[in-house]
Each structure stands twice: as structure tokens, then as C-alpha cells.
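A quick write-up on the structure given underneath.
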Amino acid sequence: MRRVALAGVALALVLGLAGVVAISAASQAAEPSTHKAKTLTFDVVFSPFSPIAANNVRDPNSDFALGDELVFHDQLFARGKQVGDDLGSCVIASITASELLANCCLVIRLPGGNLTSQFVAVAGPTPRELALTGGTGSYRNAGGEGTLVEFGNGKGRLTLHVLSLAPRGKGA
């Protein structure tokens, strides 16, 4: 008798959970999307990296040590006109004979709000793949990805694929 009661309770819980999931999925599908995707492209004028030493223990074969931080503040242009800037920092996380890796955080300041990003920096002109992690104002629901390319002359290009933006009338 006890097994039958437990089986009945378990079946009721499973059916109830399935109903909640179905109702939730149906309500999300019925809501029209008010978000838009957008690609933003900027010409970048890089600032010089400003290194901050984490400790005095130095590898004689490297300019950096684990935990050192690089800070920067770059200018963003579109059609020859400055439209914003970015600022951030990178923490040196790995140094080997062939590779230097840093974990970087970036804030992109634009007239409609800010975008935040994280990426891994590798020494050299390798393109950086950015993950857009959020934003404020017109970008408060932002997600997506981007690419930062250095041309080697203190300039580069930042391309962002912003997958969702704030709905109209709410921070736009």
C-alpha cells in the first residue's frame, strides 16, 4: 500500500513539473521579441599598455611575472569621428617559453550606455575573441561576442556582434 502511495505522489510530481515547463515554454514562445541584434564596428587607437608589477620576483627571460597587470584606455572611432572609448585591465595568468596569456576585462563606453567584455590576450597581434557579458543603458540586456584586431601601428578594429539590446522605451 505504501509503495502505491509513493508511486502516485512521484507520478503527480512528474506530471505537475511537466505542466509547468510546458506552460512556461508556451508563454515565452507567445511573447513577441522586442530585442534587436546589431553589429558595431569601431576603428581603435590603442593607448600604450601600462604594466603594474605584482611582485618583485622576475623571470630574467620575460618582462612580466605571474599576476602582473596591464591597464589601458583606448579611443574608439566610427567614420573618422570619436564615438567612445574602452578601458580595462589584463592579469598575466600564464608564462611559458612560447606563450604569455592574460585574463582581460574590458568596459566599452558609448553614447547609449556601456558594454562589458572578457577575453584572453595572447602576446602578439593575434585577434582577440571577446565575450560580451552585459551592459547598461541601451545595452543593459546585451550579450554576444566580438573580435579585436591589432594592425601593429597603434591602431586596430573592434567588431561587436551584440545579440540583444534593451527594448524601446526602456533605457534606449
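The values are calculated or read from the model by the stated rules, or taken from the named source; none is laboratory data. Note that this is a predicted model, so its numbers are computed, not measured. Note: ideal-geometry Cβ built from the backbone for every residue, glycine included; neighbour counts use all protein chains shown. Calculation scope for accessible area: heavy atoms of the full protein, side chains included, ligands and nucleic acids excluded. Shrake-Rupley method; radii C 1.70, N 1.55, O 1.52, S 1.80 Å.
Here are the numbers:
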{"quantity": "Spin-label model distance (nm) - residue 97 vs residue 159, 7 Å beyond Cα toward Cβ", "calculated": "3.7"}
{"quantity": "Karplus (6.51, -1.76, 1.60) ³J(HN,Hα), θ = phi - 60°, over region 122-135, in Hz, Gly and Pro reported as x", "calculated": "10, 4, x, x, 4, x, 9, 9, 9, 9, 7, 10, x, x"}
{"quantity": "Residues of region 35-143: accessible area per residue with a 1.4 Å probe, Å²", "calculated": "57"}
{"quantity": "Contour excess over end-to-end distance, with Cα ends at residue 55 and residue 83 and 0.36 nm allotted per residue", "calculated": "6.4 nm"}
{"quantity": "Heavy-atom accessible surface of region 36-90: percent carbon and sulfur, 1.4 Å", "calculated": "56"}
{"quantity": "Cross-link reach list, aspartates and glutamates versus residue 36, counting only Cα pairs under 20 Å and skipping chain neighbours closer than eight places", "calculated": "145"}
